[in-house]
Every structure is written in C-alpha cells, then in structure tokens.
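The block underneath contains the structure these notes are about, expressed in structure tokens.
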Amino acid sequence: MSARTLGRTPFPSALSAARRVRELDALGDGGEIDVLVIGGGITGAGIALDAASRGLRTVLVERHDLAHGTSRFSSKLVHGGLRYLATGQFGIAHESASERHVLMTRTAPHLTRSLAQIVPLYAPGAVGTGAYIGLGYGLGDGLRRTVGTPSSVLQAPTFVGRSQTLRLVPAVNPGGLRGGVRGWDGQLIDDARLVTAIARTGAGYGASVLTRVEAVSATGDGVVLRDTVTGRNVAVRARAVVSATGVWAGELAADVRLRPSRGTHLVVSTARLGDADVSLAVPVPGSTGRFVFTLPSMHGRTYIGLTDVLADGPIPEVAEATDDEIDMLLSTVNTVLADPLGRADVLSTFAGLRPLLAHAGAGDTSDLSRRHAVIESPSGILNVVGGKLTTYRRMAEDAVDAVIRRDPGFPARPSRTRSIPLVGAWPRQRMHEIAAAPRYVRRFGAEAPFAAALPGGPGAARGVTPQELHWGVAVEGALGIDDLLDRRTRLGLVEADREASTDAAAAAFERAGVTPLEP
C-alpha cells in the first residue's frame, strides 16, 4: 500500500443529508443505471463498492440506516476459518483466512486488530484437552501461513503457564488451573464502522448511497423506490437489480429459501472480567468444538457470545435474545470464572439473524453451510444470500461477476477490491505517524486529524467526544439520533448510555446544520 494513495477515492466519500437529497433527486430525473443494490448491510455495501470501482453506475438503497440489521450484531471477529475446519468445510475455512488477510493487511488495517484467545486448562485432563485444542489452533495457524498473513499481524498459537493465564484473564478460577492455550484471530473495532467505511468508499468511487429509501417493488430491470422521509415514490430503470437484504430476502423473492439462525450476545462491564483485553474462550459443556467467547469492546464493555439457534416464524426488524440463550451463555462462561456472573451483571443483550441457506437433510443450524450463493429469481433479481461478515468482499465480487456475465453489454472488468483501501486506511505499523489522539486513530485511522479538528460541544457517555458525534452527521451520513447512538458510536447498546447521550447527539446535528429525523 502506498501511503500517498491510502484512503483516496476518485470522488468525495463523505455521506451527508444534503448529498442524499441531491442524489435522490437525480434518480428522479430518469435514465437507466447499471446496478441497483437493495440492502445497506455489509454485503450490500460491499457490492456497491465492487460495482462502482469497476466503473458501473451504481445506486444502493436501504430502508433504514447503514448496518441497521444483522451487520451490527456480529461478534466483531474477523474469523480465520478455524470453526469451519472443525466441521470439514475446508474451502470456506481457506476463504475466511484469505479474506481476513485482505482486511487486516490491505483494506482495513485501521479498523482491525489481532486478538488473543485464551482457553484455560484445568485438572484433571489438562494435558489431553490442551493437546486437542492446540492441534486445532495449529491447523488454523497453517491456514494463516498459507494465505500469507505475517506473524507480525497474527502470532502463532502457544501454550501459556498458570501465572500468565491469570495475568491475561484475571477473572478465571485459579482452582485446578494448569495453564492455557493462546490462539489469535482478527477483531473489528466495530462491525457497523466497517459497513460505513465500505459504503463511503463506494460513494468515493461514484456510487449513490441512499438510506431511508425503501424498495416498494422490484424486478430484474427496475424498482419502485419510496423516500420514507418525504413519502415520494420514484421509478428507476436498472440493467441489474441485486438484493442483499439478508434474512429479509424473501420479501422481494419468495423463491429464496433460508433458515435464519439467531446469534445472541450479552453486554457486561469489562471490569467484571478483570479488565481483560483478550478473549476468554470457554468450551460449551457436552459439545465438540463449540465455544463461548468473551470479546472486549469499546466503552469499557465486553460482549459474551454467541448462540446458534433456529429463528423460526416472522422475521423481526431487530432480533431479541431469549431467556434460554442468556442462561446458556452465563452458565457456560461461569464454568471458568472465580466470581460467576449473574443476571444483574448483564447490562444489555443483542442478537442478529444469519441468512443461512436451507438445504435438504439439514438438522440444526450447525448443519447449515456458511457458504454464500448468488441466486437469480424468476423476476430477474439477483439475490446474494448465505455467507458471513468476514467474507463480504468475496460475496460482493461474486455478485458483480454474475451481473457482468448476465449482460454482455457490461465491460468485463475484474474486481479491484482486494487492493482498494477503505477510507481512513493506514499501514498498521505506521499508525503512530497519525497526528491525533489514540482514541481518534482507533476509530478513524488516517482521517483522525480531520475528525479531531471539528468544533467542540457537549460530549456523550463513555467519553465519546462531540467531534466524533459531529463526524457521524457531517461525514458518515447519520440522519437521526438513533443512527448516531446505535450505529456510529454503539452507545445505544446500553440504555443508561443512550439516555446520557441523547442531548449531545442532538447538539451534534445542530452544529452540523442538520435537523435530525424522528426514529
């Protein structure tokens, strides 16, 4: 990566309320576009970037906000494919490791970091358990080396002694502890921030990114859109329509068969886990190869997850954790804690729905493949389903390849996104060169000095600055207070933080000269 070109795009990448109005008005002027993408999650944003960077006139519409659905409710991990090795899905495992490499070394080093995972080993059986888990981590490390990720980015797994295990994860029970296995994986600073960065980069290559715009109806050559802010309808002709709506794919294409799986996380104070900045991996009793993880995150919070259960019935706009899932996560992690967590320690919960492809013979959700697919409906809509956050870029590449194959009038240009840095990208080993406080560098990368230079005002909870809130409105396309608190900063995860931050969020809109939309 050249420092001179990192994060640069051919056109402005900032998203704003004014840009949204301008580009939505341009759609109403008529004229055919090349690719219309429905869905503003990780997959839709990735498709918009891929298509626009190949020179296709691209429009992305999302009826809510960027990362409104499943994409903000992941574990924030950039998986290297270890769990897929355990189930014999070697192709998906390799794809995951390869895409993790791209994210951590080329496209988003500023939004990712290496995260140690500690599996504590207890007597009796510590030696045998350690050998088994060490073998798994060793296979995962082989994938890391195969795809070329250097040890300076992700270290090789090792065994650690009892004292070092207690130092790394102070909350574990010392009784019978013999040591631990330490593996490594990638972690996102925040999944919603990744979606926003991809969408902004797509906008920088000419894509129109339009939130609060709903696809009322769609076929393979056009859609009727409704601006949910004004209620105005716009008919748009498109050479290709791609649905990246996740578990809601059936709303536009009834022939797409999915079996949604719910993944639930708990939110607790990091202090309750000894302020550990590593992930504690706890085997699920009675299972083989399943773990519950603690995942240190922003704002002094740690997530504990995750579940994998069928989510039958109507698809909700926002999934909710069940009591059984909360109890399962607590009981599993408590098997290794000196001071067990209780319901009172759970500050909040969140849950996302995975759009898993259904197939004959599948039992529970662990039987369903995490592979993605591009499926053409009888109406001509291309539906991108399955997959996972880590492999979003490959999913997007396959979708745009399908668009080009179907229409010989499109230029046969290959995908460029393996080498396109996202806005703010900067080499990991040179982050110290960025002239801004570490808090800003972690969130904005090379754009940190610009964010930090914005006007002051009232700050929000957990140390979130007025500049961060202002940036969310002026540059990252937040149109309402919920956009700021739930997706640009994640303060909305805990109700007390939301209540303490609402006035600061409103003040940020005032400083930016924008009237916030009602929820």
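The values are calculated or read from the model by the stated rules, or taken from the named source; none is laboratory data. Nothing here was measured: the structure is a model prediction, and the numbers come from that model. In this analysis, Cβ positions are derived from the backbone assuming ideal geometry, glycine residues included, and neighbour counts consider all displayed protein chains.
Figures for the structure shown
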| quantity | calculated |
| --- | --- |
| Lone unmet requirement of (1) crowded, with 18+ Cβ neighbours inside 10 Å; (2) in a strand (DSSP E or B); (3) at pLDDT below 95 for residue 351 | (3) |
| Every pair of residues 6+ apart whose Cβ atoms lie under 7 Å, when the first sits in region 410-421 and is within 18 Å of residue 100 (Cβ to Cβ) while the second is of a type in the set (Asp, Glu) | 415/50; 415/397; 417/50; 417/397 |
| Test: residue in region 166-185 that is farther than 23 Å from residue 393 by Cα, in the same structural domain as residue 396 (by TED's automatic domain parsing) and in contact (Cβ under 8 Å) with a residue 40 or more places away in the chain | no |
| Given (1) assigned to a loop (DSSP other than H, G, I, E, B); (2) under 25 Å from residue 490 (Cα atoms), number of the condition residue 288 does not satisfy | (2) |
| Some residue of region 470-482 being in contact with a Phe, Trp or Tyr (Cβ under 8 Å, 6 or more places away or on another chain), surrounded by fewer than 22 Cβ atoms within 10 Å (Cβ to Cβ), in contact (Cβ under 8 Å) with a residue 24 or more places away in the chain and over 30 Å from residue 35 (Cβ atoms) | no |
| Matching entry among 181, 160, 153 (being in contact with a Lys or Arg (Cβ under 6 Å, 6 or more places away or on another chain), among the aliphatic types (A, V, I, L, M) and surrounded by 15 or more Cβ atoms within 10 Å (Cβ to Cβ)) | 160 |
| Verdict on residue 123 being surrounded by 15 or more Cβ atoms within 10 Å (Cβ to Cβ) and either modelled with pLDDT of 95 or more or closer than 21 Å to residue 287 by Cβ (or both) | no |
| Among (1) modelled with pLDDT of 95 or more; (2) in the same structural domain as residue 41 (by TED's automatic domain parsing); (3) of a type outside the set (A, V, I, L, M) - the single one residue 221 does not satisfy | (1) |
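Condition check ((1) farther than 30 Å from residue 341 by Cβ; (2) surrounded by 22 or more Cβ atoms within 10 Å (Cβ to Cβ); (3) charged (D, E, K, R); (4) not assigned by TED's automatic domain parsing to the domain that holds residue 338) across all residues:
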{"residue": "238", "(1), (2), (3), (4)": "yes, no, no, yes"}
{"residue": "254", "(1), (2), (3), (4)": "yes, no, no, yes"}
{"residue": "271", "(1), (2), (3), (4)": "no, no, no, no"}
{"residue": "274", "(1), (2), (3), (4)": "no, no, no, no"}
{"residue": "279", "(1), (2), (3), (4)": "no, yes, no, no"}
{"residue": "290", "(1), (2), (3), (4)": "no, no, yes, no"}
{"residue": "302", "(1), (2), (3), (4)": "no, yes, no, no"}
